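Structure record follows, encoded as structure tokens.
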Amino acid sequence: MDRTMKASEDEDALVIRAVRATDVPQVIALDQRITGLAKAEYWKQAYERYGRTRPNERFFLVAVPASKKAGRRVLGFIIGEIRAWEFGSEPCGWVFALSVDPDARLLGVGEELFLAMSEKFKQAGMTKMRTMVARDNRLHSLFFRGEGMMAGPYIQLEKDLS
Amino acid sequence: MNLQIASRLAIFAVLELAANPERQLSVGEIGEKYGVSSHHLAKVMHVLGRAGLVRSVRGAGGGYQFVGNTRRTTLLDIIQLFENFGTRDDDGAPGANTSEGATLREVLGEIDDIARATLGSITIATLLSLVARQHRQPKPAEEPRELSKA
């Protein structure tokens, strides 16, 4: 079910809904604008995997303006899935992609996407949601902290293989 | 990890004032809650004022007011006003120039990096939300008092 925020006559009102095939070119363009990398194939595969299969445990949501006058521009998107027993962890919701159009920031788009994803995880019976953020990614760190996320019980480790 | 007393006091003072930016509080009122002297707190407030986080309001009912941005000011921003947090300088420490010293410095640096990232990701607004959450949490039931043993 779509999640509509604020009164629909409000031009800032948003609808958070499941991604559609017609949104994918906008998702690709938005990601390219933010990261500077064109990853069309990656996002097409992400759509097939997270937008079209296992709808009760994989969630690919987009934020669009509620007002038709504002067009159907994708203002942001979030992807998450339920992962079970990785490293002994009980099933929990994982958020692994979140992007908001730089022109639509500070309007609550990211927060609404985050809340909609939290709701999906809760409906699926999850009591925890997790994500991973680069230590130096201030924007994402501030956002997720602001949404109440705290350090979890795992530490990410890596090894240089060169 | 430990913070210097001035950093802790500054964080407490900012939280008190930022919780209600319209309100003015004197150093005495803030100091009373946290059990510190007005003298010590006054020095801290002076530094916070120079950093543009608080301003002093003169006159009757005067005191300090928060004038920063709660969504942009992080714990690290405040702490760095009072201490060189996470800048490890052990050049003169015994063994610093050995391989063992370098390895130890690398591990300790990893801890510093994590602490710095954590403090740099928590804004005053986030901290106020956490404080509110703490208030909402039910207090643990008081342990039954043990009768004095004979």
Relative contact order of the stretch A:29-86 (C-alpha contacts under 8 Å, at least 6 apart) in percent is 26
Which of A:Gln26, A:Ser99, A:Met150, positive extreme of dipole for chain A (C-beta unit charges): A:Gln26
Compute the distribution of all C-alpha to C-alpha distances in chain A, in bins of 5 Å from 0, and list the percent of pairs in each, rounded to whole numbers. 1, 8, 17, 21, 21, 17, 10, 3, 1, 1, 0, 0
Sorted from largest down, give the three principal axis spans of the alpha carbons of the stretch A:48-100, whole angstrom values. 48, 20, 15
Take chain B, connect every pair of alpha-carbon atoms lying under 10 Å apart with a spring to form a Gaussian network, then pick out the residue of B:Val44, B:Val36, B:Val14 with the largest mean-square fluctuation. B:Val36
Place a point 7 Å from Cα of B:Leu128 in the direction of its Cβ. Which residues in the stretch A:130-157 have their backbone N less than 19 Å from it? A:142-149
Can you give the charge dipole size of the stretch B:1-113 about its Cα centre, rounded to the nearest 20 debye, using +1 on the beta carbon of Lys and Arg and -1 on the beta carbon of Asp and Glu? 820
The stretch A:39-146 - percent relative contact order, Cα under 8 Å, separation 6 or more: 21
Here P(r) for the stretch B:81-134, Cα-Cα distances in 10 Å bins, as whole percents, is 21, 35, 25, 13, 6
For B:Asp112 and B:Ala60, what is the calculated FRET efficiency with R₀ set at 41 Å and r taken between the beta-carbons, to the nearest 0.05? 0.35
Which residues' amide hydrogens lie under 5 Å from the amide hydrogen of A:Leu14, considering only partners 5 or more residues apart or on another chain, with H built in the peptide plane? A:Met5, A:Ala66
How tilted is helix A:109-123 with respect to the longest principal axis of chain A? Cα atoms for both, answer in degrees (0 to 90, nearest 10). 60
Per-residue ellipticity at 222 nm attributable to helices in chain A (runs of n ≥ 4 DSSP H, -39500 (n - 2.57) apiece, nearest 500 deg cm²/dmol) works out to -8000 deg cm²/dmol
Binning every alpha carbon pair distance of the stretch A:80-162 at 10 Å from zero, what are the percents per bin? 15, 46, 30, 9, 1
Sort largest first and round to whole Å: the equivalent ellipsoid semi-axes of the stretch B:1-117, each the square root of five times a Cα gyration tensor eigenvalue. 36, 14, 11
Spelling it out for A:Met149: with amide H atoms placed in the peptide plane at 1.01 Å from N, the residues 5 or more places away or on another chain with amide H under 5 Å from its amide H are none
Which log10 I(q)/I(0) values does the protein assembly as shown give at q = 0.12 Å⁻¹ under the Debye formula, counting every alpha carbon as one identical point scatterer? -1.03
Using a Gaussian network for chain A with springs between C-alpha atoms less than 10 Å apart, which of these wobbles most: A:Trp85, A:Trp43, A:Trp94? A:Trp85
For chain B, what does the relative contact order come out to in percent, with C-alpha contacts under 8 Å and a separation of six or more? 25
Projecting the Cα atoms of B:Ala125, B:Thr74, B:Gly62 onto the charge dipole of chain B, where Lys and Arg contribute +1 and Asp and Glu -1 at Cβ, the residue farthest towards the positive end is B:Gly62
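Values quoted throughout were computed directly from the atomic coordinates according to the rules given, and no laboratory measurement underlies them. This structure is a prediction, so every number in the text was calculated from the model and none was measured. Glycine also receives a Cβ, built like all others from the backbone with ideal geometry; neighbour counts cover every protein chain displayed.
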